[in-house]
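Q: Please see the structure below; I have some questions.
What follows draws every value from the coordinates through simple rules; no lab data is involved. Values in this document were obtained by computation on a predicted structure and should not be read as measured data. Neighbour counts run over all protein chains shown; Cβ positions are idealised from the backbone, glycine included.
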Ligand code: G6P
């Protein structure tokens, strides 16, 4: 986790541009922030604070510092509390370092360094990097020799950027298992966890690879690989994406991103659309596999669960795995199975580790990714890009629905492109989403009604609507901090129904599909125990279920392909309005980070 930016220019002051870049990286963590610059005398000056990047902005406004070279960091705490003392950069007399990842052998290194007379100030694993580099300098190494000597001693995952006092013409970087991208501007250079950080200043980028050491000067980069051999990495031209970072008239990025869903699901579908034959065409997808294993985390995992139902309908046996579990289980690659990885960021550590595990066993991979150029995009054998655009709100919304659109299209593609009725269903989805987004009053009323002081909530559904229920419960937890649990509706009676009383909100997803009557029976069981039912159904289901409902929300008629997308939106709106009523931090909920780049 954590966001890193380093800037090197020939003159001027990089402080405010580093703070602005950190704000663009805040999705990676936001519990403390800090920066260092090399001042006019080539000495290190540092400012750090707990809290968000806005606190660092205040601090650097009150206590300014200046220099043309600097490094900065926004943190998501792994080792050590999110207090100033643990905030990056970590600094000694001669070195200042920012780090993303985990140095797994830090305890052993720390003990050796303490024995050699080094004094540690923080509880972090990252501080050993500074002291080991300082130790190298003590032994007479130059900064580049110090990096080459110290970095191979670190176990774990890291992206490191360092500045050395008295060396104002270079930034030093090392990469293993955490992303770091070089930005090349006119006579200036950048190093960042995500190209988004320097998007306003540089459009040419180089993605560093595992084992790379880089030395960046204003306008030039030299890279060596893990054998110390100088290498040339490809330069990519970044797409313009900065406009998406503007909240526009919306109060929250989440509100903006929910509202964009009709457009971005349509753009996603368009990128897989053959307008001549009016079918799905996916030039980047592999041919239909015999079997599919899906691997993902969080919301992307729930997209995978929905995808499983579609692929199985297409006759392809499919299993879905939580990436963090999958990577530690025995895995038996077989040439009939395609591994499908789903990720918004393309940087989630567990998903990437699962991909490497599969590749290591000779397996083939397809990735569904939102961020072009991300690690997953670069590593997978095939990639389908979703067109959600940058998603800034930490709770995923449009990334999820574009993943669903891609999976729905993929299931049709592997059936030969889909017949007119099914492709017509896909085409109609964006319009239905707009319709659902236009009705917000019920969610506002629920937020100020039974959810105002609710301690807990249940979500139920069957088949694909169970997967959507899981995503709905996650949204409520993330945004409002209300404990929420999703259950397969038929499973409720095996224990969890004991929770139901007249205070418990139960959100029931009941589209009139093949399982409607089964879900309706479960709804009756909850009603019989006075649960407060919020029922999502369609016009056909409404008369049957109305009498059990505290609130009944009537949605458009759906099909198996359209239901998951359409039923997701009310759950997003519910979580958003409950969070609004409770006054929680909607775009940056506590303890979370958008991109989880540690295990
Ligand atoms: C984090 C985010 C979730 C996201 C998950 C997987 O936990 O807060 O919203 O679903 O990571 O991220 P990915 O980028 O791989 O989809």
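Q: What ranking do 306-319, 542-555 get when scored by the average of other Cβ atoms within 10 Å per residue, highest first? Each step should come with its number before you reach the end.
A: Numbers: 306-319: 19.6, 542-555: 16.8.
Packing proxy ranking, top to bottom: 306-319, 542-555.
Q: Let me have the relative contact order for the chain, percent, based on Cα pairs under 8 Å that are six or more residues apart. Write out the running numbers ahead of the final one.
A: Details: 1382 pairs, mean separation 69.9, N = 599.
Reported as a whole number, the value is 12 percent.
Q: Could you tell me what percent of the DSSP beta bridges with both partners in the chain are antiparallel, to the nearest 5? Walk me through the numbers on the way to the answer.
A: Working: 62 of 103 bridges.
Of those bridges, close to 60 percent are antiparallel.
Q: Over the chain, what lengths in whole Å, largest first, do the semi-axes of the equivalent ellipsoid take, defined as the square roots of 5 times the eigenvalues of the alpha-carbon gyration tensor?
A: After diagonalising the Cα gyration tensor, the semi-axes are 45, 26, 22 Å.
Q: Quick check: convex hull over the Cα atoms of the range 439-586, volume per residue in Å³, rounded to an integer?
A: 92
Q: Determine by what factor the alpha-carbon radius of gyration of the range 247-437 differs from 2.2 N^0.38 Å, reporting the quotient.
A: After normalising by residue count via 2.2 N^0.38 Å, the value is 0.99.
Q: Which FRET efficiency value, to the nearest 0.05, is calculated for residue 440 and residue 263 with the Förster distance at 22 angstrom and r the Cβ-Cβ distance? Intermediate values should be presented prior to the final figure.
A: Details: r = 18 Å, r/R0 = 0.83.
For R0 = 22 Å, the calculated efficiency reads 0.75.
Q: Does anyone have the angle between helix 349-360 and the longest principal axis of the chain? Alpha-carbon axes, 0 to 90°, nearest 10?
A: 90
Q: If r is the Cβ-Cβ distance from residue 493 to residue 420 and R0 is 51 Å, what FRET efficiency results, to the nearest 0.05?
A: Numbers: r = 41 Å, r/R0 = 0.81.
Efficiency at R0 = 51 Å is approximately 0.80.
Q: Grab the beta carbon distance between residue 105 and residue 274, set R0 = 51 Å, and tell me the FRET efficiency rounded to 0.05.
A: Values: r = 53 Å, r/R0 = 1.03.
Plugging the Cβ-Cβ distance into 1/(1 + (r/R0)^6) gives 0.45.
Q: Next up: Using 0.36 nm times the number of residues separating residue 356 and residue 328, minus their current alpha carbon distance, what extension gain do you get? Walk me through the numbers before you get to the answer.
A: On the way: separation 28, 0.36 × 28 = 10.08 nm, distance 1.20 nm.
Contour length minus the Cα-Cα distance gives 8.9 nm.
Q: Once every DSSP H run of n ≥ 4 in the chain is given -39500 (n - 2.57) and the sum is divided by its residues, what mean residue ellipticity at 222 nm do you get, rounded to the nearest 500 deg cm²/dmol?
A: -10000 deg cm²/dmol
Q: Once fully extended, how much extra length lies between residue 585 and residue 550, figured as 0.36 nm per residue of separation less the alpha-carbon to alpha-carbon distance?
A: 9.8 nm
Q: Give me the distance in nm between label points sitting 7 Å out from Cα along the Cα-to-Cβ direction at residue 529 and residue 210, one decimal.
A: The modelled label-to-label distance comes out at 4.7 nm.
Q: Between the range 215-232 and the range 417-458, what is the separation of their alpha carbon centroids in Å?
A: Between the Cα centres of the range 215-232 and the range 417-458 lies a distance of 50 Å.
Q: Starting from the Cα of residue 381, step 7 Å toward the Cβ, then list every residue of the range 334-357 with an amide N under 15 Å from that point.
A: 334-341, 355-357
Q: A further question on this structure: Please sort 43-56, 454-467, 494-507 by packing, taking for each peptide the average over its residues of neighbouring beta carbons within 10 angstrom, highest first. Write out the running numbers ahead of the final one.
A: Working: 43-56: 19.6, 454-467: 23.4, 494-507: 15.8.
So the order, starting with the most tightly packed, is 454-467, 43-56, 494-507.
Q: Gap in Å between the Cα centre of the range 142-176 and the Cα centre of the range 273-342?
A: Measuring centre to centre over Cα atoms gives 39 Å.
Q: Here is a further query. In whole percent, what relative contact order does the range 439-586 give with Cα contacts below 8 Å and a gap of six or more residues?
A: 30
Q: Based on the Cα gyration tensor of the range 3-244, what are the three equivalent ellipsoid semi-axes, each the root of five times an eigenvalue, rounded to whole Å and given largest first?
A: Semi-axes, largest first: 24, 21, 17 Å.
Q: Nearest 10 degrees, 0 to 90: what angle lies between the long axis of helix 420-437 and the longest principal axis of the chain (Cα atoms)?
A: Rounded to the nearest ten degrees, it is 80.
Q: Determine the shape class of the range 1-113: with a ≥ b ≥ c the square roots of the Cα gyration tensor eigenvalues, call it rounded for a/c under 1.5, and otherwise prolate if a/b is greater than b/c, oblate otherwise.
A: oblate
Q: Students often check this: by mean Cβ neighbours within 10 Å, which of 344-356, 128-140, 219-231 ranks highest, and how do the rest follow?
A: 344-356, 128-140, 219-231
Q: Also: Label residue 540 and residue 54 with points 7 Å out from Cα along Cα→Cβ: what is the distance between them in nm?
A: A separation of 4.8 nm, rounded to one decimal place.
Q: Quick check on the range 457-532: take the gyration tensor over C-alpha atoms, sort the square-rooted eigenvalues as a ≥ b ≥ c, and tell me if it's rounded (a/c under 1.5), prolate or oblate.
A: Cα axes put the range 457-532 in the oblate bin.
Q: Which stretch or stretches of the range 543-567 have amide N atoms under 16 Å from the point lying 7 Å from residue 250's Cα along the Cα→Cβ direction?
A: none
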